[in-house]
Amino acid sequence: MSRVRQKIRETEINSEGVDEANKSRAVLLGGLLLIVLLGIGLMIFLGMGGGRATAPTGVYEGVAINGRVLGNPDAPLLIRDFSDFNCPHCRSAAVGLTPEIIKTYVVSGQARLEFIPVAVLENSEVPATASLCAEDQGQFWIYQEKLFDRQGQERFDIEQLIKYADELGLDAQTFRDCMLSGKHASTLNANNQEFHRVGASGTPTFIVGDELVAGAVPFAEIQQVIEKELNP
């Protein structure tokens, strides 16, 4: 009889050991599942723009950025780009001409490039203001890139522009407050006045040193002007 009890007891002990092992495995699997779910949630959060603002990449990578100015502050030549975010020719320049200027002259430290948003065309005040609000958060260049990328595909109303800011990782509420505050009205007005003062009549207009270059010209054409200004 004692042998039977002993056998039963051994069986109970073995069963308890199996239960404990199963519990340990369950806890381990539960922990791993939680880590996976947290990782997925983090990726979704960042993908929706809830993380840090996007760092400049591509043509801007490694280039000093100071607000709307690209390049070494001590570069000998200043190139100013007066552009309107509703202007198709400005988009052409932003996609083709401007990257060539940056790669050839800004990266090398020979020139710095200042983007001056203006509102020349109808309904351009809102996207121009949005770009200045993006500048407040240190993200002017990626935001202007977004505007030109979406030009003609979506209406640039306030809600859409706030959506872009959120997608790029900017603080959406701060951006909204900026858009509605009118804080950049004087800056935009000054930009428009400077546009006319330099003798510009259309966009884009580049001021290379003291020389005016009108339109989205071929790179070779503006390169001649840049070289002349660098080597008088």
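The values are calculated or read from the model by the stated rules, or taken from the named source; none is laboratory data. None of these values were measured; they are calculated from a predicted model. When we count neighbours, we look across all protein chains shown, and the Cβ atoms used for this are built from the backbone with ideal geometry, even at glycine.
Side notes on the structure shown:
- Residues located in the range 198-208, provided they are surrounded by fewer than 17 Cβ atoms within 10 Å (Cβ to Cβ) and farther than 14 Å from VAL120 by Cα: VAL198
- Hey, ILE158 touching a residue at least 24 places away in the same chain (Cβ under 8 Å), over 17 Å from PRO117 (Cβ atoms) and in the same structural domain as ASP74 (by TED's automatic domain parsing) or not: no
- Screening GLU167 on (1) under 23 Å from LEU113 (Cβ atoms); (2) touching a residue at least 12 places away in the same chain (Cβ under 8 Å); (3) surrounded by fewer than 17 Cβ atoms within 10 Å (Cβ to Cβ) shows it passes everything except condition (1).
- Residue within the range 97-104 that is outside any helix (DSSP H, G or I) and surrounded by fewer than 17 Cβ atoms within 10 Å (Cβ to Cβ) present: no
- Boolean, PHE140 is at pLDDT 95 or above, surrounded by 14 or more Cβ atoms within 10 Å (Cβ to Cβ) and farther than 22 Å from LEU230 by Cα: yes
- Criterion (touching a residue at least 12 places away in the same chain (Cβ under 8 Å) and assigned by TED's automatic domain parsing to the domain that holds VAL69) met by exactly one of GLN173, GLN193, GLN151: GLN151
- Any hit, the range 77-93, residues being outside any helix (DSSP H, G or I), touching a Leu at 6+ places or on another chain (Cβ under 8 Å), at pLDDT 95 or above and over 18 Å from VAL213 (Cα atoms): yes
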